[in-house]
Amino acid sequence: MPEVRTVVLRHLAPDGSATFASDARSAKMAALTAGGWLELCLWRPEVGLQLRLLGRAQVHRFDDHAVAVWTALPLDTRELFASPAPGSPLRDAPATEAAGPESGDRPPATFAAVRLTPRRCDRLELGPPLRRRIWTLDEDRWRSEDVVP
């Protein structure tokens, strides 16, 4: 059964690929490695723009992409990866140990970077005027169509 997950977008590349960080022990990661497909909904309220990206997810652990995402994270976010696994009962969880500067530039085993490579992009501009365009990747060519919002 698909589940909605809220993530913090860490990087949006010129090619449209989107990257977020996740705890490698989370249920989200198990679902991604089982199916590989993912849809993200991005909202930019200051410009009234919604993007929905559908594509294949690649999980990065211990490679250059994972290291780049890890080193760009604020220290307080890095510390989250030293806590018990997401979804662990609080009564069983020991106190969080800080993953401070001693964690260095290499991500811990609990860290994963996930990159979505889009096959479809649905752009909705909440104008005025309202505009919506959908891009779909067929083989190696993008095609687009304006649709009713």
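Read-outs throughout are calculated quantities, based only on the coordinates presented, and are distinct from any laboratory measurement. These numbers were taken from a predicted model, which means no experiment stands behind them. Don't worry about glycine lacking a Cβ; one is built from the backbone with ideal geometry, like all the others, and counts go over all protein chains shown.
Taking the Cα centre of the chain as origin, sum charge times position over the Cβ atoms of Lys and Arg (+1) and Asp and Glu (-1), and report the length of that vector in debye to the nearest 20. Let's see the in-between values first.
Numbers: 20 positive and 20 negative charges, 85 e Å.
Value, rounded to 20: 400 debye.
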Using Cα springs under 10 Å in a Gaussian network model of the chain, which residue among 64, 23, 138 shows the largest mean-square fluctuation? 138
Sorted largest first, the Cα spans of the chain on the principal axes come out in Å as 52, 32, 32
Residue by residue through the range 75-82, what is 3J(HN,Hα) from phi via Karplus (6.51 cos²θ - 1.76 cosθ + 1.60, θ = phi - 60°)? Round to whole Hz and write x for glycine and proline. 4, 5, 6, 4, 4, 4, 7, 9
Using 0.36 nm per residue of separation minus the Cα-Cα distance, give me the extension gain between residue 134 and residue 33 in nm, one decimal. 33.7 nm
Which is farthest toward the positive dipole end of the range 11-149 among 13, 31, 136, measuring Cα position about the Cα centre, with Cβ charges +1 (Lys, Arg) and -1 (Asp, Glu)? 136
Choose one answer from 57, 112, 13: the residue with the largest mean-square fluctuation in a GNM of the chain with alpha-carbon springs under 10 Å. 13
Take the chain, connect every pair of alpha-carbon atoms lying under 10 Å apart with a spring to form a Gaussian network, then pick out the residue of 118, 129, 86 with the largest mean-square fluctuation. 129
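Compute the signed sum of charges (Lys and Arg +1, Asp and Glu -1) over the other residues within less than 13 Å, Cβ to Cβ, of residue 27. Numbers along the way, then the final one.
Working: positive: 5, 25, 28; negative: 3, 23.
Charge balance in the 13 Å sphere: +1.
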